[in-house]
Amino acid sequence: MSESTTPFENLRSQLETASSYVDVAPDVLDRLSHPERVLETNLTIERDDGTLERFPAFRSQFNGDRGPYKGGIRYHPDVTREEVVALSGWMTYKCALVDVPFGGGKGGIVVDPAALSTAELERLTRAYGTELRPLVGEDRDIPAPDVNTGPREMNWLKDTYETLEGTTAPGSFTGKALETGGSEGRVEATGRSTVIAAREAFEYLGRNLDDATVAVQGYGNAGWISAKLAAEAGATVVAVSDSRGAIVDRDGLDPIAVKEHKDETGSVVGFADAEPFADDALLTMDVDLLIPAALENAVDAELAADVQADVISEAANGPTTPAADEVLLENEVFYVPDILANAGGVVVSYYEWVQNRQRVSWSEERVNRELEETIVAAFDALVETLESIASDDPRTAAYVIAIDRVAAAAERNGTWP
Ligand code: GLU
């Protein structure tokens, strides 16, 4: 990577840029650019061979002015405190942009989950849940899945919390399995909003998603569902990748068959009838739509200069650096920022939380309909704001809306003591 800005620096730069369009005082902006608190802990578990191993872990509660802290928990060897803080900030502004009544949080454990057995992962997750117990709860902080976590981990965390508290509180974690208060449509929600946002972007540009070619970086939950739904919408998915490499087929890949291959072998690489190639080359391929669905800083300024896609829909959090944004804008690439494109995850988490609090369950049709309405409304508001601030930067427009809402809530709440 040519660039050294960190995700937290990127977040602060995004806030700084947008703040010039918002009536927010510098002292308030300073408060809204830093986390309220960060838990830093060391989790020590017994490995299956009887030895002990220590795993650093974090939970950042960035801002709670609009409601309980909300955001996922990632398991990755490169997790850092600063990364988790940045991700919790992005959650704050994401929740504000799509107007769900939550603040922002994020957690992470420094671990390669593939190196642990299922029993070890359960012990690690429950150790983390024990550390989280005083901080979380249905009205305090509501974690959810993120990179390398899913319903299984959420159920372990929920069970740990409920056991320690001696109660039932299904709304204390979202992204659970359906049998235990999970919501229809939650697993697909991030990919679904990514594709809805891309469709709206094409429409805005007077074009159609259904004749677009698509490249997807990352084949975890967000990436693979984005690929599947883009193909269902009629687009041609020509390339996908994961941490081991990329595959291309100009005639179109079958996303479901690729997923089956990945489930069997651990990677998209080696999928029959597709050519392997370098992951970086995927990002600069000649396609209509690029979906970065992996980690932060995938597109820096140097790489951005070579991006050939017309539209980017950001399924990952923080995939594009501020310096890359400038290059993309110059080259007239329209990007839907992460805090809108991938917001489907937290929007359906909100629906899950509402269902849990009311002890009811919604149909998949209702979840998807309400999600669709929410993402389309947020996209329309973004376009309106682009025009009202006379800017061509969709990320700045998104942050103008979001900062305005968070700052208004902070002002109403006041400062105490
Ligand atoms: N981890 C997801 C995100 O980054 C979902 C968060 C949630 O549902 O709380 O938006």
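Miscellaneous remarks
- Summing charges over neighbours of residue 234, with a neighbour being any other residue whose Cβ is under 11 Å away from its Cβ, gives -2 when K and R count +1 and D and E count -1.
- For the chain, radius of gyration divided by Kirkwood radius, i.e. Rg to Rh on alpha-carbons: 0.95
- Tail weight of P(r) past 22 Å, computed on alpha-carbon pairs of the stretch 2-161, percent: 42
- The stretch 192-243 - charge dipole about Cα centre, Lys and Arg +1 at Cβ, Asp and Glu -1, debye rounded to 20: 80
- Protein heavy-atom accessible surface, 1.4 Å probe, per residue over the stretch 120-250: 36 Å².
- Summing Cβ point charges (Lys, Arg +1; Asp, Glu -1) relative to the Cα centre of the chain gives a dipole of roughly 1740 debye.
- Solvent-accessible surface of the stretch 320-392, taken per residue with a 1.4 Å probe and all protein chains present: 42 Å².
- The stretch 15-80 - Debye-derived log10 I(q)/I(0), Cα point model, q = 0.19, 0.24 Å⁻¹: -0.90, -1.10
- Carbon + sulfur, % of accessible area of the stretch 18-124 - ligands and nucleic acids excluded, 1.4 Å: 47
- Computed log₁₀ I(q)/I(0) - Debye formula, equal Cα scatterers, no solvent, the stretch 283-417, q 0.14, 0.19 Å⁻¹: -0.76, -1.12
- Percent carbon-and-sulfur accessible area, the stretch 264-401, ignoring ligands, DNA and RNA, probe 1.4 Å: 45
- For the chain, share of DSSP beta bridges that run antiparallel, in % to the nearest 5: 50
- Note on the chain: helix-only mean residue ellipticity at 222 nm, from DSSP H runs of 4+ residues weighted -39500 (n - 2.57) and normalised by residue number, equals -14000 deg cm²/dmol.
- What the Cβ-Cβ distance of residue 383 and residue 30 gives, at R0 = 25 Å and to the nearest 0.05, is a FRET efficiency of 0.25.
- Look at the dipole of the stretch 1-124 built from charges on Cβ: of 113, 28, 101, the Cα furthest out on the positive end belongs to 101.
- Qualifying trypsin sites (Lys or Arg not before Pro) in the stretch 303-406, DSSP loop, other Cβ atoms within 10 Å at most 10: 359
The values are calculated or read from the model by the stated rules, or taken from the named source; none is laboratory data. A quick note: this is a predicted structure, and the numbers were derived from the prediction, not measured. Positions of Cβ are generated from backbone atoms using ideal geometry, with glycine treated the same way; all protein chains shown enter the neighbour counts. Protein only, heavy atoms only, side chains kept; ligands, DNA and RNA dropped before computing areas. Shrake-Rupley method; radii C 1.70, N 1.55, O 1.52, S 1.80 Å.
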